[in-house]
Amino acid sequence: MSVLDIDIGNSFLKWRLVDESGQRQSGRCLVTDYPQVFSGRLLAGVERIRVASVAGTAVNSALQLWGREQLGLEAEFAVTGKKLQV
């Protein structure tokens with residue numbers, strides 16, 4: 001099992017891929033370039049997508065749709081306590 005962790009800022013997206021052995025790959029790209037970066041065998045075996053994002057709804061929705069279409073997964077977005085209404 002591998003986990004894809006994504007940190008989305010206003011311009012750049014940072015990512016880290018961790019498998020059960022703890023091996024990691026990581027990188028950075030423009031927010032608009034992730035579909036090209038996350039192609040081919042890089043994401044084989046990914047079973048979970050975790051996202052922290054300060055980008056707007058459009059970027060987050062596009063990433064959620066990409067996860068569904070390309071990996072059959074729902075991205076898990078971190079939310080603040082304010083959004084949780086705690």
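FYI, it's all coordinate maths here, none of it is from the lab. Here the structure is a predicted model, which means the values were calculated and not measured.
How far is helix 57-66 tilted off the main Cα axis of the chain, in degrees rounded to 10, range 0 to 90?
It is inclined by approximately 30 degrees.
When only C-alpha pairs under 8 Å and at least 6 residues apart count, what is the relative contact order of the chain, in percent?
Over the chain, the number comes to 28 percent.
Given the convex hull over the Cα atoms of the stretch 2-84, what projected area results after averaging over all orientations, in nm²?
5.5 nm²
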